[in-house]
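Okay, so here's the structure we're looking at.
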Amino acid sequence: MDDTEEQTTGCLTTPTQGPRKTRFRGRQVAVYRFVYCVLNREVIGGDMVVRHRCNNRRCINPAHLTIGTRADNKRDDWDFAVNGVDYGLL
Ligand SMILES: [Zn+2]
């Protein structure tokens, strides 16, 4: 993960088009999800998702990751779409 770039928003993004994937126990998982699970020693159930508070799906900064339900995640998308929240400016 040395090729991540730090953005002015504090996001650590990977130089990939979408969320970077990694292999873990023979499964493909999104890196941000993996980072969250490892750091928080939490196993995320099927209906829980790791959300990006910065709304940047390539970001793997643990400080920007939070756990929620799929419904929360959708609401984040709506919030972002409606308000155009830039968390870097708050
Ligand atoms: Zn971020």
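Quick note: the coordinates plus some simple rules give every number you see, no bench work behind them. All values reported here derive from a predicted model rather than from experimental measurement. We place every Cβ from the backbone using ideal geometry, glycine too, and count neighbours over all the protein chains shown.
Viscosity 0.692 mPa s, temperature 37 °C: Stokes-Einstein D of segment 5-80 from its Kirkwood Cα radius, in µm² per second?
For these conditions, the coefficient is 257 µm²/s.
What are the ³J(HN,Hα) couplings of segment 39-44, residue after residue, when phi is run through the Karplus curve with 6.51, -1.76, 1.60 and θ = phi - 60°? Round to Hz, x for glycine and proline.
Listing the rounded values in order: 5, 9, 6, 10, 9, 8 Hz.
Show me the ranking of peptides 49-55, 67-73 by mean Cβ neighbours inside 10 Å, starting with the highest.
Details: 49-55: 20.1, 67-73: 13.4.
Result, highest mean first: 49-55, 67-73.
If you check each cysteine of the chain for another cysteine whose beta-carbon is under 4.7 Å away, which ones come up empty?
Isolated Cys, the chain: 37, 54.
Rank-order 58-65, 18-25 by packing density, defined as the average count of other C-beta atoms within 10 Å over each peptide's residues, highest first.
Per-residue mean Cβ counts within 10 Å order the peptides as 58-65, 18-25.
Taking the beta-carbon count within 10 Å as an exposure proxy, list 39, 12 from fewest neighbours to most.
Details: 39 11, 12 20.
Ranked by crowding around the Cβ, least crowded first: 39, 12.
For the chain, what does the helix formula give at 222 nm: sum of -39500 (n - 2.57) over DSSP H segments with n ≥ 4, over the residue count, nearest 500 deg cm²/dmol?
It lands at -8500 deg cm²/dmol.
Loop-only check: which GluC sites (Glu not before Pro) in the chain are DSSP coil with at most 13 other Cβ within 10 angstrom? Working shown, then result.
Details: sites: 5, 6, 42; in loops: 42.
For GluC sites (Glu not before Pro) across the chain that sit outside H, G, I, E and B with at most 13 neighbouring Cβ atoms in 10 Å, the list reads 42.
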